[in-house]
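First comes the structure, then the notes that go with it.
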Amino acid sequence: KNEVEQSPQNLTAQEGEFITINCSYSVGISALHWLQQHPGGGIVSLFMLSSGKKKHGRLIATINIQEKHSSLHITASHPRDSAVYICAVLQGGSEKLVFGKGTKLTVNP
Amino acid sequence: KAGVTQTPRYLIKTRGQQVTLSCSPISGHRSVSWYQQTPGQGLQFLFEYFSETQRNKGNFPGRFSGRQFSNSRSEMNVSTLELGDSALYLCASKGTPGNTEAFFGQGTRLTVV
C-alpha cells in the first residue's frame with residue numbers, strides 16, 4: 001500500500017462543476033502539499049498545509065490531521081484547470097517529500 | 001524574482017553514457033531537492049542538499065549522485081545510464097529545510113536509447 005493515496009485517479013468534469021480530489025496518507029507528517037502539473041512537466045505548488053484550510057481564488061484545500069486526510073476543491077471549474085493534481089507529504093523529521101500518484105483532471109467546455 | 005531554472009530541458013543519451021543535470025534555485029534559497037518522475041513509479045525523491053551538504057537520500061543506486069555549490073546551484077549526475085533512467089528529473093528549491101514551501105523547476109526530460 002502506498003504511503004500516499006489519491007482518489008480518483010482520473011476525473012472528467014463539465015465547465016462550472018465543483019471538483020473534489022482526495023488524499024489520504026499513512027505516515028506522520030509535518031506538512032502536506034498540493035501540486036499542479038500541466039502537460040510539458042512543470043510543477044506549480046498550489047498549497048502547503050499543516051492544519052485547517054487555505055483558499056486561493058477558486059481553489060480550497062483542507063486537511064484533517066487526526067484522520068490523515070486532505071481534500072482539494074475547485075469551484076466553478078474551467079478548462080484551464082485541466083492538469084494532473086498531486087498530493088505530497090513532508091514526513092515528520094525528514095526533508096523527504098512522498099508523493100501520491102496524481103489525479104488527472106479534464107474539464108470540458 | 002527568477003524561478004527555479006533547470007538545464008537542459010531535454011536530453012537524449014545512449015545506454016552506458018553518463019549525464020549531468022543542473023538546477024539553479026530561486027535567489028536566496030539554499031535548499032535544493034531532486035526528484036525523478038516516471039510513468040510507472042510517479043514522483044520519487046532522489047536527494048536533498050542544503051549549504052553544500054547532502055542531508056537526505058532516497059532509495060536510488062549509487063549511479064545517482066549530486067552536489068551543491070557555494071552559490072546553491074546543484075547538479076545531479078547519473079553514470080552508466082540504463083533505459084529505465086528515462087524520466088523527467090525535477091528539482092525544487094526552498095529557503096530553508098523543513099516546513100516551508102517548495103518551488104519546482106520545469107524539469108529536464110532525459111531519454112536513454
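The values are calculated or read from the model by the stated rules, or taken from the named source; none is laboratory data. Only a predicted model underlies this, so the values are computations on that prediction, with no experimental measurement involved. Positions of Cβ are backbone-derived with ideal geometry, glycine not excepted, and every protein chain shown enters the neighbour counts. Remember, those area values only see protein heavy atoms, side chains included, never the ligands or the DNA or RNA. Shrake-Rupley method; radii C 1.70, N 1.55, O 1.52, S 1.80 Å.
Over the C-alpha atoms of the range B:1-71, the Rg to Rh ratio, Rh being the Kirkwood estimate, stands at 0.96. Would you please classify the overall shape of the range B:34-113 from the alpha carbon gyration tensor, given that a ≥ b ≥ c denote the square roots of the eigenvalues, rounded means a/c under 1.5, and beyond that prolate means a/b larger than b/c while oblate covers the rest? Note, shape of the range B:34-113 comes out prolate. Computed over the range B:72-113, the P(r) tail beyond 13 angstrom holds 63 percent of alpha carbon pairs. In the context of the full set of protein chains, residues of the protein assembly as shown present 46 Å² of accessible surface per residue (probe radius 1.4 Å, heavy atoms only). Ligands, DNA and RNA aside, B:Thr5 has an accessible area near 70 Å² when probed at 1.4 Å. Convex hull volume per residue, computed on the Cα atoms of the range A:40-89, equals 86 Å³.
Its residue count N fixes a reference of 2.2 N^0.38 Å for the range A:6-109, and the Cα radius of gyration divided by that reference is 1.03.
If you count the DSSP beta bridges with both ends in chain A, what percent of them are antiparallel, to the nearest 5? Walk me through the intermediate numbers first.
Details: 41 of 46 bridges.
Antiparallel: roughly 90 percent of the beta bridges in chain A.
As a ratio to 2.2 N^0.38 Å, the alpha-carbon radius of gyration computed for the protein assembly as shown takes the value 1.01. Placing +1 on each Lys and Arg Cβ and -1 on each Asp and Glu Cβ, with no other charges, gives the protein assembly as shown a dipole about its Cα centre of roughly 320 debye.
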